[in-house]
1. Can you list residues whose amide H is under 5 Å from residue 74's amide H, if they're 5+ apart or on another chain and H is modeled 1.01 Å from N?
2. Where does each of 106-112, 88-94 land if you order them by average Cβ count within 10 Å, highest first?
3. Given H placed on each backbone N at 1.01 Å, which residues far from residue 153 in sequence or on other chains put an amide H within less than 5 Å of it?
4. May I ask you to list the residues of the range 46-79 whose amide nitrogen lies under 16 Å from a point 7 Å from Cα along the Cα→beta-carbon direction of residue 88?
5. Need one number: nm distance between label points at residue 10 and residue 146, each 7 Å from Cα along Cα→Cβ, rounded to one decimal.
6. Could you give the length gained by full extension between residue 155 and residue 126, i.e. 0.36 nm per residue of separation minus their alpha carbon distance, to one decimal place?
7. Residue-wise, which Karplus ³J(HN,Hα) couplings in Hz belong to the range 77-94, taking 6.51 cos²θ - 1.76 cosθ + 1.60, θ = phi - 60°, and x for glycine or proline?
8. Where the centroid of each part is defined by its Cα atoms, how far is the range 138-157 from the range 55-134 in Å?
Amino acid sequence: ANAQQEKDLRQELEQIENRFREEESYRYFAGGNFNFPDFQKQLDENTAVLKFIYTEKLVFGLLLTQKDLKIHSLGTVEMVNSWTEEFRNSLSKLDDSYRLPASTLYRLLIQPLKNELKEVVFILPDDRLHGLPFEALIDEKGEFLVRRHVISYQRSFRQMVFQSLKSERTQSGFLAAFAPDYTGTSYQAI
């Protein structure tokens, strides 16, 4: 059994590594090679990045902070997808039926990593987790995740770098202003 488990884990690891290689397709976002250690060092100390990775059988959560990197197996693809679908369906019912799937998804996707989460959490979803409102997941105390964390979504690590560079460029002290001329129209100046 141990030899089979090791073989299965190696296959899962290979699938995770392949997903990271897929991020090469986002090279144009950062304009060059992506350096993971540099990216990690540049994270704010109050920020965590939670990347979900689907493999053939399992869903993994990769949690990255300025000083740490952890990978957890979160559940089977079938189980996570089933609860995700249940949660989405329950949201349209306008009753409390969302609470069970919201709590279950919290237990599956967030709880194994909750001690390492920071004030700000960037979520990089995968597969069916795209479109899942993580803010509405309910913790063990019955509170929504958004009550404890600022949630933001990104598509990839590279896009995070690109967005960071973009925001640095726009925070250069440059100001653009205009005053439209409404002469000859029915509009008035602001």
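All of the numbers you see were taken from the coordinates with simple rules; none came from a lab. What you see is a predicted model; the values in this text were computed from it and never measured. Positions of Cβ are generated from backbone atoms using ideal geometry, with glycine treated the same way; all protein chains shown enter the neighbour counts.
1. Here the answer is 59, 60, 61, since their amide H atoms fall under 5 Å of that of residue 74.
2. Highest-to-lowest ranking by the protection proxy: 106-112, 88-94.
3. 123
4. Inside the label zone: 54, 77-79.
5. Each label point lies 7 Å from its Cα, and together they span 4.6 nm.
6. Length gained, residue 155 through residue 126: 9.6 nm.
7. Those phi angles translate into 4, 4, 5, 4, 5, 4, 5, 5, 5, 4, 5, 4, 5, 5, 5, 7, 8, 6 Hz.
8. The range 138-157 and the range 55-134 have Cα centres separated by 10 Å.
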